[in-house]
1. Name the long-range amide H neighbours of residue 87: under 5 Å, sequence gap of 5 or more, or other chain; modelled H, no Pro or chain starts.
2. Keeping every protein chain present and rolling a 1.4 Å probe, give me the accessible area per residue for the chain in Å².
3. Would you list which lysines come within 17 Å of residue 52, measuring only between C-alpha atoms, while excluding same-chain residues fewer than 8 positions from it?
4. Among 62, 36, 90, flag the residue with its Cα farthest along the positive direction of the charge dipole of segment 22-122, charges on Cβ as +1 for Lys/Arg and -1 for Asp/Glu.
5. What percentage of the solvent-accessible surface of the chain, computed with a 1.4 Å probe over protein heavy atoms, is contributed by carbon and sulfur atoms?
6. Just to confirm the number: angle between the C-alpha axis of helix 58-77 and the first principal axis of the chain, 0 to 90 degrees, nearest 10?
7. Nearest 10 degrees is fine. How inclined is helix 103-121 to the longest principal axis of the chain, computing both from alpha carbons?
8. Leaving ligands, DNA and RNA out of it, rank 9, 44 by accessible area with a 1.4 Å probe, largest first.
Amino acid sequence: MLKKNQRLTSHRAFVATYNQKRIVSDENFVLYGGKNKEEQNYPTRVGFVVSKKIHKRAVKRNRIKRLAREAYRNLLEQDEIKQSKNLQSLIFVAKEGALEKNYKEICLSVKNLLQLLAIKYF
């Protein structure tokens, strides 16, 4: 589980990240990137969103969030996402394709999206 200071919690922070319009996507997720950090002391804050349109059952929606959160946390520990550490915030929005995926596929998708965001905007 991500630490509290690494989670994006307020509605205001989500809206600010969406308004930056730094967007990349694949068949599983849409990734929104926030502003560049002014101070490197603070960690990048991450939010995970799964709409009711994806699945009506909260159990299914929460599973996708848990898998994506764990994939991000593992990539962070392995230090494989260097460029995304320069951003204040990230939001992963799930698509319907993420429902049938296992952990390895979700992890690969998260890693690829973070690399795409780094290539496209840095």
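1. 37
2. Working: 7510 Å² over 122 residues.
Solvent-accessible surface per residue comes out at 62 Å².
3. 60, 65, 95
4. 62
5. Details: 3700 of 7510 Å².
Answer for the chain: carbon and sulfur cover 49 percent of the accessible area.
6. So the inclination is approximately 40 degrees.
7. Around 40 degrees separate the two axes.
8. Numbers: 9 95, 44 15 Å².
Descending order: 9, 44.
The values are calculated or read from the model by the stated rules, or taken from the named source; none is laboratory data. Since we're looking at a predicted model, the values are computed, not measured. FYI the Cβ positions are ideal-geometry reconstructions off the backbone, even for glycines, and counts take in every protein chain you see. For accessibility, only protein heavy atoms count, side chains too; no ligands or nucleic acids. Shrake-Rupley method; radii C 1.70, N 1.55, O 1.52, S 1.80 Å.
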